[in-house]
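> This is the structure I have questions about; it appears just below.
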Amino acid sequence: MSTFVQLKKTDSVAQVILNSPPANAVSPQLMEQLSVVIEELNEDQSCRAVIFRSALKKIFIAGADLKYLLSLSGEEFRQYIKRFQDILCNIEALPKPTIAVINGHALGGGCEFTLCCDFRFMADTKATIGLPEVKLGLLPGAGGTQRLPRLVGRSKATELLLRGTSLKGPEAQAIGLVNQVYPLAELLPESIRFAQEISMGPTQSIAKIKECLRIPTQKLLSDGLSQELEGITYLFTQTHDTKEGIEAFSQKRSPKYIGK
């Protein structure tokens, strides 16, 4: 079996490296390998900070493999989305600080992945971050509609979600979607430096702070994820426009939506 998720540990900092060419698509194989690594890190007390990064030059995670999605039945699609939701919740619940190192495009599920991390550092390149699902007749199904407004505010999140807008690093930083923007050559070194610095802090205190930050939203998040799951499954299985959106994207043409 191919290794899509690699774990590299240096002292108290762990690097989770995603390496599934050509786009780090959110495949079942990548999800299962990621789940194993997350469980290991959760139990590893010697690990006190986690970096998530991509081994691919221009891609962090570009979302789902649309051809794979089209091969699924309605129930298989639902289970696929639910599994991704659960993995992202486990990342969010890690009792140590997490940093998404966004070297390339982080779109759809890739953006949702970064929203689960405590910090987001992005390259000052042509890379973009966003939730463009509406352009396919879908909605973000792995927490995007729930976590984005809590990060950037309801007004800006509504604009980004309904228009499917993607932002470059400086634009994303301006609205609080990412914490820092660096030249590409400095992105990983600065992220490692930050991870090393924060890993020297009181890990138990950080874990409890993260736990407290989640408490006010855990019930709402659970309800919201359920609503996302129902919504995206309905769109995928019951609507014309979603099929048209996905097919148009695959065929590199403009979609013709009819509102059904």
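The values are calculated or read from the model by the stated rules, or taken from the named source; none is laboratory data. Note that the coordinates shown come from a computational prediction; the quantities given were computed from them, not determined experimentally. In this analysis, Cβ positions are derived from the backbone assuming ideal geometry, glycine residues included, and neighbour counts consider all displayed protein chains.
> Limited to region 179-217, what total is found for residues that are loosely packed, with under 15 Cβ neighbours inside 10 Å and either under 18 Å from the mean Cα position of the chain (by Cα) or of a type in the set (Ser, Thr, Tyr) (or both)?
Here the count works out to 3.
> Hey, among the residues in region 116-170 that are acidic (Asp, Glu) and part of a helix (DSSP H, G or I), which one's modelled with the highest pLDDT?
Top of the filtered list is Glu159.
> Would you tally the residues in region 69-83 being closer than 13 Å to Ile232 by Cα and free of Cβ contacts under 8 Å to residues at least 60 places away in the same chain?
Residues that pass the stated criteria total 4.
> Then there's this: Scan the helices (runs of 4 or more DSSP H) fully inside region 181-260 and keep the ones with 1 or more residues being modelled with pLDDT of 85 or more, more than 30 Å from Ser73 (Cα to Cα) and not acidic (Asp, Glu).
184-199, 203-238
> Shifting gears a bit: Any idea which of (1) part of a helix (DSSP H, G or I); (2) modelled with pLDDT under 95 is the one Leu72 doesn't satisfy?
So the condition that Leu72 fails would be (1).
> Only one of these conditions is not met by Gln29: (1) at pLDDT below 95; (2) within 14 Å of Pro97 (Cα to Cα); (3) part of a helix (DSSP H, G or I). Which number is it?
Failed condition: (2).
> Within the group Ile99, Ile91, Ile87, which residue is touching a residue at least 24 places away in the same chain (Cβ under 8 Å), outside any helix (DSSP H, G or I) and of a type in the set (Val, Ile, Thr)?
Selected residue: Ile99, the only one of Ile99, Ile91, Ile87 that is touching a residue at least 24 places away in the same chain (Cβ under 8 Å), outside any helix (DSSP H, G or I) and of a type in the set (Val, Ile, Thr).
> Restricting region 228-260 to residues that are touching a Gly at 6+ places or on another chain (Cβ under 7 Å) and of a type in the set (Val, Ile, Thr), which is surrounded by the fewest Cβ atoms within 10 Å (Cβ to Cβ)?
My answer is Thr237.
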